[in-house]
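Everything below concerns the one structure shown next.
The values are calculated or read from the model by the stated rules, or taken from the named source; none is laboratory data. Keep in mind the model is a prediction, meaning the values are calculated, not measured. Using ideal geometry, Cβ is built from the backbone for each residue, glycine included, and neighbour counts are taken over all protein chains shown.
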Amino acid sequence: MRFDKPRHFRQSMSWLHTWAGLVLGWLLFAVFVTGTLAFFRNEITTWMQPELHSARDDGHGLERAVAVLERKAPDAQQWSINLQGPRSPVMNLSWREAPAAGERRSAGRRGEEGGDADSGLEPPGGPAGRGEGHRAQDMQREGRGDRPEGARAEGMQREGRGAGGRAEGGRGEGMQREGMRADNAPRQEAHTGGERGPGSARPQRGGEGREMAMAAPQAEPAQAEARQQGGQQAQNRLIMDPATGEILQPRQTAGGNFLYRFHFELYGMDRLTGRWIVGIATMFMFVAIISGVIVHRNIFKDFFTFRPGKGKRSWLDAHNATGVLALPFHVVITFSGLLLLGFQLMPAAVLTAYDGDTRAMAQEMRGRGNANAPLPRPSGEKAALTPLAPLVAEAEREWPMQGVGAITITNPGDARATIEIRQARTEGLSSRGAARRMVFDGVTGEVLERPPVAESSAASSAWNLMTALHMGRFASSLPRWLLFASGVLGSLMVASGLAMWVIARQKDREALGRTPRGHRLVEVLNVAAVSGLLIAIAAYFWGNRLLPADLAERNLWEIRVFFSVWALAALHAIVRKYKAAWVEQLTLAGVLAMLLPVLNGASGGVHLGHSLGAGQLQVACFDACALVLGALLMFAARKVSLHVPRAKPGTKSRPAGASKAKKAEAVDELAAGLPVALKTEEA
Amino acid sequence: MMDFLVFAMALAGFNALCVSMERHAKQVVGHAPDETKRRGFSALGWALLALALALAVYYHGASIGTAVWFGLMTVAAFIVGLLLSYRPRPLLGLGGAALAVALLLLV
């Protein structure tokens, strides 16, 4: 397009849509795919820790949990139990040792710090500046992620670094320290390794704010640090099979959190930089959505239209359909994505009103002024703890829809023990952080109080709504599946848009008689970014099972597998012809994905036949999805391989007619396509 | 179950909307129904979608209900679009069946 002539509005928009889409489309595809998978990051992490697959719930887990805690932490000041649930088969236990005098207050702070990670409130320099370890550990720490509820308990569980924890070193140093991370890593590992076997991220049950207790690896470096810093409170976590009371020691894995982290801050660079890049891409996405709607013209008229087998027309239809059908999703996910990165992209509000202290703002936004309140002191008298099951049952009667998420027992075994039971999730999306709680007397089991829930303001309701939507923070799994489906459509939309750029310029190339360098670049990047990424993700899961379970820095190796395979795929895309590269890569991705259930069964996981029967739905769904998506990829590969380049002049365009004729044509095309495709391959 | 009801309604609604469009009606029933019929289908389609929204909000509350409604609409419309492209004939039957199921569940 030339800029020296006036253009029609729609033409300009079309130009904008094409180029805004192309320039960041490759990145957007990666963001869409990894982000879509991240809706199920807890389930993915569970799959990647086959040690947990056989955990069951027999309804008596609570007694076992208390028994374990009594054995392991009889003198603890506080116990926390995160119940198993639809998103996690295991119970997560943690405790906090009684502190030395005067240290009680440092707990809440850290909880707040963690809570910011997900909401985009994390201070940009923070995680980098802490120099706490390398990226993979950062990723595992994601357990700190969504914890809408109960900052208090979280804060306590999360103790371990106290005052020294808030690296103020922040912004400027982030970059410099970045380089040191890799070096720091082994040291950190060494520090924490022997303590309880291979550490593992157990960031599960996200969404509903129950992840907090699971940031095991994060806890460990934190612990190590705490020791280095002069022995602050230690914290301890265990993962328990609710049906047996057995303590599970899952392998170390980067898990679903790697994908989650990657989708908004990429990898291998400063987080700040990564977020800026993704933020810019998100803005381009928004521009592409708006301009796309303008260009489309016939949103309602062409709402259901898809005309297969018509070359460029079909691609445009597919691009339009995937865009329009999931348009609400695209708009919301892009806009909320921008909001989540907003504190980074537009820091003015935080800088002026809070002097740059994002944590202070987060705290005020969520109305958690009392997060630092000290725990009640024990009386010193011994008293037996009341059984938990009846209390949980009572709480469940009170919240039939929301369920019970976590139990915190303060001063267990003391006459002044209290038991706090917290909702697993809140009623709506706009009330993040407003989980209801019930506090019971730990000896008599009487209800002491039902703390009121603070009403959130209109602004923070809107914020909560958008962020909760973006993160799929729903009680039931259906909305998450719907988000997932829309995310798949979104990925297809981006991919079809990218493919279309090449297809739309077919005529130019024919006229020119060769492929210009720019076109070739787009071709290579298309293959590498789309099918290459899919292969890399499949390989990431393969790596998870094929790497030795006790490998040091295992999580890092998984990530290395991911990027090495992606790089190889890119190389392959350079070496091979466009179509051949597509066919081979899509086939490989499909095969790798379809064999994942087999791999799962063969490498210690619960295989599909068993997991379905035994109600291990997290694992079963992963396998089933791998099968279905793999099959779709194979189907796509076949379609591409059968594709006949646009009819040469001579074979006139087909009469657009009744569906029967179309079907017959499609069959003809399939039949005719094979030899032709083979011929072109040979040529 | 509730969600399935909402989904069935959305599916039936999109079917009706699809048939209310001249081009697609030809694909589905072979000929274009007359103007009044198409108007009727259109009204039925929108009404079903609106009812689906009302039900979703009733079951899930405003925020989650709307999100679920949009999500289910996406899936339903996608199914209708796919069928229309490859197997248009059974669409009307499917729409009717979905409507029947929805009404049954509603009662």
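List pairs: first residue in the range B:90-106 and free of Cβ contacts under 8 Å to residues at least 40 places away in the same chain, second residue in a helix (DSSP H, G or I) and crowded, with 17+ Cβ neighbours inside 10 Å anywhere in the structure, Cβ distance under 8 angstrom, at least six positions apart or on different chains.
If the second residue must be in a helix (DSSP H, G or I) and crowded, with 17+ Cβ neighbours inside 10 Å, the pairs left are B:90/B:83.
Is at least one residue of the range A:294-301 in contact (Cβ under 8 Å) with a residue 24 or more places away in the chain, within 14 Å of another protein chain (Cβ to nearest Cβ) and not acidic (Asp, Glu)?
The answer is yes; a qualifying residue exists.
Checking residue A:307 against (1) surrounded by fewer than 17 Cβ atoms within 10 Å (Cβ to Cβ); (2) within 14 Å of another protein chain (Cβ to nearest Cβ); (3) touching a residue at least 40 places away in the same chain (Cβ under 8 Å); (4) part of a helix (DSSP H, G or I), which test does it fail?
Among (1) surrounded by fewer than 17 Cβ atoms within 10 Å (Cβ to Cβ); (2) within 14 Å of another protein chain (Cβ to nearest Cβ); (3) touching a residue at least 40 places away in the same chain (Cβ under 8 Å); (4) part of a helix (DSSP H, G or I), residue A:307 violates only (4).
Could you identify the single residue in A:482, A:533, A:492 that is under 26 Å from residue A:289 (Cα atoms), crowded, with 18+ Cβ neighbours inside 10 Å, touching a residue at least 12 places away in the same chain (Cβ under 8 Å) and within 12 Å of another protein chain (Cβ to nearest Cβ)?
Working: A:482 fails: touching a residue at least 12 places away in the same chain (Cβ under 8 Å); A:533 fails: within 12 Å of another protein chain (Cβ to nearest Cβ).
The unique qualifying residue is A:492.
So which of B:105, B:72 is more than 12 Å from chain A (Cβ to nearest Cβ) and either surrounded by 14 or more Cβ atoms within 10 Å (Cβ to Cβ) or within 12 Å of the chain's Cα centre (by Cα) (or both)?
B:105
Any residue at all in the range A:256-278 that is part of a strand (DSSP E or B) and either touching a residue at least 24 places away in the same chain (Cβ under 8 Å) or in contact with an Asp or Glu (Cβ under 6 Å, 6 or more places away or on another chain) (or both)?
The answer is no; no qualifying residue exists.
Run residue A:554 past the list (1) within 29 Å of residue A:260 (Cβ to Cβ); (2) buried (at least 16 other Cβ atoms within 10 Å of the Cβ); (3) touching a helix residue (DSSP H, G or I) at 6+ places or on another chain (Cβ under 7 Å) and report the number of the one that doesn't hold.
(3)
Which one of A:590, A:605 is at pLDDT below 90, closer than 23 Å to residue A:37 by Cα and within 24 Å of the chain's Cα centre (by Cα)?
Values: A:590 fails: at pLDDT below 90.
Matching residue, one of A:590, A:605: A:605.
Looking at residue B:61, is it of a type outside the set (Asp, Glu), on the phi > 0 side of the Ramachandran plot and either at the interface with chain A (Cβ under 8 Å from one of its Cβ atoms) or within 12 Å of the chain's Cα centre (by Cα) (or both)?
In short, yes.
Take the conditions within 18 Å of residue A:596 (Cα to Cα) and either in a helix (DSSP H, G or I) or modelled with pLDDT of 85 or more (or both) and apply them to residue A:37. Does it pass?
Here the answer is yes, as residue A:37 does meet what is asked.
Would you tally the residues in the range A:452-483 being among the aliphatic types (A, V, I, L, M), modelled with pLDDT under 80 and closer than 19 Å to residue A:37 by Cβ?
0
Against the condition among the small types (Gly, Ala, Ser), part of a loop (DSSP other than H, G, I, E, B) and within 11 Å of chain B (Cβ to nearest Cβ), how does residue A:472 come out, does it pass?
yes
Suppose we keep only residues that are among the hydrophobic types (A, V, I, L, M, F, W, C), surrounded by 19 or more Cβ atoms within 10 Å (Cβ to Cβ) and out of contact with any Ser or Thr (no Cβ under 9 Å at 6 or more places or on another chain) within the range B:84-100. Which one would you say is nearest to the other protein chains (Cβ to nearest Cβ)? Break it down stepwise before answering.
So in the range B:84-100, the residues among the hydrophobic types (A, V, I, L, M, F, W, C) come out as B:84, B:91-92, B:94, B:97-100.
Now drop any that are not surrounded by 19 or more Cβ atoms within 10 Å (Cβ to Cβ), which leaves B:84, B:91, B:98-99.
So of that shortlist, the ones also out of contact with any Ser or Thr (no Cβ under 9 Å at 6 or more places or on another chain) come out as B:91, B:98-99.
Numbers: B:91: 10, B:98: 16, B:99: 18 Å.
Across the range B:84-100, the extreme among qualifying residues is B:91.
Residue A:288: crowded, with 17+ Cβ neighbours inside 10 Å, within 14 Å of chain B (Cβ to nearest Cβ) and not in a loop (DSSP other than H, G, I, E, B), yes or no?
no
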